[in-house]
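Enquirer: There's a structure below that I have some questions on.
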C-alpha cells in the first residue's frame, strides 16, 4: 500500500483541527444558550419582563417589522392594545397604530405599535426603577404633549415630514410621583439635584431604545420636553 503523501497528511491534520474547532464551538454555543441571560441572546424569545440586555434592541427591531408580534408582546405584558383606524392625509398616516394602557397622561394616545412597545419597555425598565432609586418614590404618571400631529419638522413648509406625522414620536414633558411631587423638563432638566439627575437618566435610557432622542441640550424647541421617536438613524442629544 502506497504511503500517504505529506500533503495528504497535512490536509488530514487540518481537517481534524477544523472538526475539533467546530465541536468546541458547538459546545460553547450550547453553554452560552444554557447560562447566558435571555435578554443577551438574540435567538431567545422577547419578553417585556426581561431586563434590558445586549439583544434587546435587535429583538425590538425584529418585532417592529411584524404587527402581530408587536401586539402579542404588548398583550403578554398585560397591556391590551386597541387597534386604531387608519387615516391618510398627504404625507401623514396612522397605519399600525394602537391605544395602549400605560402611565401616560393624557391616557392612551394614538401611536404606532412599535412606539408603544418601546415606550412600555422604557417606562418599566428605565423610568420606574430610576424614580424609586433616585427620587425615593414610585412613578405615578408620565405627562406628555402628544404623539400624532400631521406636520413637517418644526411645522416649517418644505421640511421633511415629522415622525409625529406617522404617530411614531412622543413628547414627554415631565413626571408625577406617588408622593405627590411633580417634575417637568422645562424647570428641572438641568437641576443639579435628584430631579435633574432623574430626567437625565430618563434621557440616557431612552437613547438605548429609541431612534432619535432630543432634550433641552439639543435646542430651544426642545427646552420643555424629551422628544422620542423611531427614526431609522440614531441621534441622542
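The values are calculated or read from the model by the stated rules, or taken from the named source; none is laboratory data. Being a predicted model, the structure only gives us computed values, none of them experimental. Note that we place each Cβ from the backbone using ideal geometry, even for glycine, and neighbour counts take in every protein chain shown.
Enquirer: Need the failing condition index for residue 48 against (1) modelled with pLDDT of 95 or more; (2) within 21 Å of residue 123 (Cβ to Cβ), just the number.
Expert: Result: residue 48 passes all but (1).
Enquirer: A further question follows. Given the criteria out of contact with any strand residue (DSSP E or B) (no Cβ under 7 Å at 6 or more places or on another chain), in contact (Cβ under 8 Å) with a residue 60 or more places away in the chain and either assigned by TED's automatic domain parsing to the domain that holds residue 166 or within 19 Å of residue 48 (Cα to Cα) (or both), does residue 94 qualify?
Expert: yes
Enquirer: Restricting attention to segment 122-170, which residues are in contact (Cβ under 8 Å) with a residue 40 or more places away in the chain, surrounded by fewer than 16 Cβ atoms within 10 Å (Cβ to Cβ) and part of a helix (DSSP H, G or I)?
Expert: 154 - this is the single residue of segment 122-170 that is in contact (Cβ under 8 Å) with a residue 40 or more places away in the chain, surrounded by fewer than 16 Cβ atoms within 10 Å (Cβ to Cβ) and part of a helix (DSSP H, G or I).
Enquirer: Same structure again: Considering each residue of segment 88-105, count those that are under 17 Å from the mean Cα position of the chain (by Cα) and in a strand (DSSP E or B), and give that number.
Expert: So the count comes out to 3.
Enquirer: Out of (1) modelled with pLDDT of 95 or more; (2) over 19 Å from the mean Cα position of the chain (by Cα); (3) more than 18 Å from residue 170 (Cβ to Cβ), the odd one out for residue 67 is which?
Expert: All conditions pass for residue 67, except number (2).
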